[in-house]
Amino acid sequence: MPYLFRRPLLAGVLFFIGFLVVRRWVSGLPRPAPGDLSFFADGREGVLRGRVAGPAARRRGFTSYRIVASEWREASSESFAPVRGEAAVTVPGRSTWADWGDEADFSGRLKPLRGPSAPGAYDERSALGNRGVFCRLTARPNGVEIVRPTGRASPLWWVVQARRRFFRAFKRLSPEARTIAAGLVLGERPSGFPALKEDFRRSGTIHLLVASGIKVAFVLALWWFLARWAFFLSRRTALVIGIPLVLFYAFLAGADAPVLRAAIMAAAGIAGFLLGRVDRALHLIGFAALVLLVLAPGELFQAGFQMSFAATLGLILGMPAVETGLRWSARRSFWPRPPWVRGLLSGSMRLFALSFLSQLALSPLLVFYFRRVSVAGFVANLIAVPWASVGLYLCVGLFAFDFTGLPGAGLWVWPTEKSMLDLWRMAAWGGRLPGADVPTPWTPLQVGALAAAVAATFGVLYTLRTVEAEEDPPPVGRRRYAVLAGAWIAAALVIALFRPKPLREPSILWVGDRSDAVVVATGGSVTLIDPDSPEQVRGTLIPFLREARVRVARVIFSFPPKGPEVLRAVHEEFPGIEVRCMEGSFGLRWPVEEVLRDPGVVWRRETLAAFSVEAGGRRFLFLSDPRSAVPDGPWEAVSFHPKGPIRRSESRLESVAAQRWILRGRGGSVWDEKLGGVVQRPARDGFSLWRGGRWS
């Protein structure tokens, strides 16, 4: 505490963060204020007029915007009414009509945000609510009309034009290389290539394809080289120009929290150096946090903000101790005598320490948010990060050739293409290393124990920043290391003894409002029935199964799904599954070796249109055809998967009406009308889970 009182900036940042945390704990998620646009979000059609508040995010099949609303007009009205607030807008196709700073009209349907489709899945309501967005508008095709474009006097106009120039230059590359280049330079999230994104995620190098602080360091290094050796500028002039340059690049890369944090730190550090004051990096990160939280307090509860500051703080606290160790080894002649070998080894150790410390600082957040951690990530980053800097410089060179129209752009394409694809190969190699993608469905207590051990490690490293290494460390040093060892032993015991228990009670999970996936748990394994799509498997079912600490033992198909893609998605996570398929569902045109090449997979074809699953003394019945005979009960739950209109009279269902029926079909209101009183439909918002005799 005395240290904080001598550092008012750091003390102010910590107290401000504490205030935000307490306020969130007391009041919960942010709520819209009266008069917010979200009060009109009841599924009605209309026209939203507003200003685009960020770069257009181009995804596969759609483009998304964040809009600061100014007016709203319902489809039945002829005049606009003033509103306030923000909305997430989705436009089908890769729209380029509106861009950052434009004022435009968006025609479509205004709806509230959705909650998580299953426990552990993406929570749109929470993620966007932290940023003050409480509704979503799904626009019609060609439903965007620009009212007032951004003027050339606005700095955003230059940012938008630069982004468009970069995208135009990247069109010379192949689709895969273009995706990597757009992520590497502009922070554009990869879309359209699931294998590419999965390789980078598994290897722990996905930060290279999103807006991150390391890109600012690359840009500053490139500018310093050009200013000093190409333009022959003085040191002071190069530093002065560097301040607007890093801020411009932060907006060019999307102005997300990680890249803004790095840009503010770099600009503040350069300004302090020009004024004759060299501030510590710890003060700079505190200043950057204060600026970002004053502008957007909700960013504190975003994973990107927390991970960016955690990684940077880990480097600030840990690297001085690494430098102390290198100086200690240099004084004792542990290094080889040739200077170039000594420089190569010391540089490699610094790079390894940077990768290891950042991964160590991020580990609690990776476990908490993603339930996965890449133990081998620091090895992959050791190779991928230097190569990414080379690739970024090649992409900037390609942009320069395309922008100036100089000859030679075609010759520059080949090394740029090769560097992007080689970066993907490095990520794929890192994703195949042992420990590259370890599932960690831990409880908050386990995550807290890991975070405490990591904090103790960086606390000890920070105390070593100015300690002169000696032959025998002083007694206080031994006590420090003993405390650190005790912290890790205690964390290991907590993680081992307080493991979450796997889901053992019978459970049924319906995902969303139009899918038919069902999970039935028996002990530590589950039967997955009728998964609807690979996106549903990866985005909803697998997070839920990780949360429950169970694995898929078998997959049953009772109607024709998107077969091969679904099975591949399940098999990637749970190899060695048993596949059961109703006779005729796939027309017997599915050789198993074309879908799954794992010899442990068991493939069976069933002829019955009705089958049951027993779990915990309860019996669950699933019918692939409503015209099939209903076996004798009692049944805990029954699920229909109809292939057409209802042909069974109500009297046929009333014979089992005394039992609990859970019906899930695609009939919409027709099912509700014909089967009212015996049908319990899952909620349309979020997920419905039948667990142990109750809904949750």
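The values are calculated or read from the model by the stated rules, or taken from the named source; none is laboratory data. For clarity, every value in this text was computed on a predicted model and none was experimentally measured. A quick note on method: Cβ atoms are made from the backbone with ideal geometry, for glycine too, and the neighbour counts reach across all protein chains shown.
Observations
- Filtered residues of the stretch 433-479 (kept if part of a helix (DSSP H, G or I) and either in contact with a His (Cβ under 6 Å, 6 or more places away or on another chain) or modelled with pLDDT under 80 (or both)): PRO475, VAL476, GLY477, ARG478, ARG479
- Residue match in the stretch 543-559 (condition: modelled with pLDDT of 65 or more, in a loop (DSSP other than H, G, I, E, B), within 22 Å of the chain's Cα centre (by Cα) and under 21 Å from TRP442 (Cβ atoms)): yes
- All conditions in (1) buried (at least 17 other Cβ atoms within 10 Å of the Cβ); (2) without any contact (Cβ under 8 Å) to a residue 40 or more places away in the chain hold for GLU103, with the sole exception of (2).
- Filtering the stretch 130-147 for residues that are outside any helix (DSSP H, G or I), crowded, with 18+ Cβ neighbours inside 10 Å and acidic (Asp, Glu) leaves an empty set.
- Residue count, the stretch 66-95 (criterion: closer than 20 Å to ARG131 by Cα, in contact (Cβ under 8 Å) with a residue 40 or more places away in the chain and assigned to a strand (DSSP E or B)): 8
- Restricting the first member to the stretch 12-26 and to residues that are over 17 Å from GLN302 (Cα atoms) and without any contact (Cβ under 8 Å) to a residue 24 or more places away in the chain, and the second to residues that are part of a helix (DSSP H, G or I) and of a type in the set (Phe, Trp, Tyr), no beta-carbon pair is closer than 8 Å while six or more apart or on different chains.
- Residue that is surrounded by fewer than 17 Cβ atoms within 10 Å (Cβ to Cβ) and of a type in the set (Lys, Arg), where the choices are ARG172, ARG165: ARG165
- The residues listed here are LEU9, LEU29, LEU37; of these, the one that is touching a His at 6+ places or on another chain (Cβ under 9 Å) and either crowded, with 17+ Cβ neighbours inside 10 Å or not assigned by TED's automatic domain parsing to the domain that holds ALA253 (or both) is LEU9.
- Residues of the stretch 32-53 satisfying the condition of being in a loop (DSSP other than H, G, I, E, B) and at pLDDT 85 or above: PRO32, ALA53
Okay, residues lined up against (1) among the charged types (D, E, K, R); (2) closer than 27 Å to PRO190 by Cα; (3) outside any helix (DSSP H, G or I); (4) outside the structural domain of VAL210 (by TED's automatic domain parsing):
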residue	(1), (2), (3), (4)
PHE251	no, yes, no, no
GLY276	no, no, yes, no
ALA289	no, no, no, no
PHE309	no, yes, no, no
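- The listed residues are ARG201, ARG228, and the only one of them that is more than 25 Å from the chain's Cα centre (by Cα) and at pLDDT below 90 turns out to be ARG228.
- Selection status of ARG24, assigned to a strand (DSSP E or B), outside the structural domain of PRO175 (by TED's automatic domain parsing) and surrounded by 15 or more Cβ atoms within 10 Å (Cβ to Cβ): no
- A single entry from PHE225, PHE200, PHE231 fulfils the requirement of being out of contact with any Pro (no Cβ under 6 Å at 6 or more places or on another chain) and not in a helix (DSSP H, G or I): PHE231.
- Unmet criterion (only one of (1) closer than 22 Å to GLY204 by Cα; (2) at pLDDT 90 or above) for LEU493: (1)
- Residue list for the stretch 266-301, filter: of a type outside the set (A, V, I, L, M, F, W, C) and closer than 15 Å to LEU10 by Cα: ASP279, ARG280, HIS283, GLY286
- Among the residues of the stretch 433-442, just one is over 19 Å from the mean Cα position of the chain (by Cα) and surrounded by 14 or more Cβ atoms within 10 Å (Cβ to Cβ), namely LEU433.
- Any hit, the stretch 322-334, residues being modelled with pLDDT under 80, in a loop (DSSP other than H, G, I, E, B) and not small (Gly, Ala, Ser): yes
- In the stretch 361-420, the residues that are basic (Lys, Arg) and in a helix (DSSP H, G or I): LYS418
- When ALA262, ALA255, ALA266 are checked against the criterion of being small (Gly, Ala, Ser) and either part of a loop (DSSP other than H, G, I, E, B) or free of Cβ contacts under 8 Å to residues at least 40 places away in the same chain (or both), ALA255 stands alone in meeting it.
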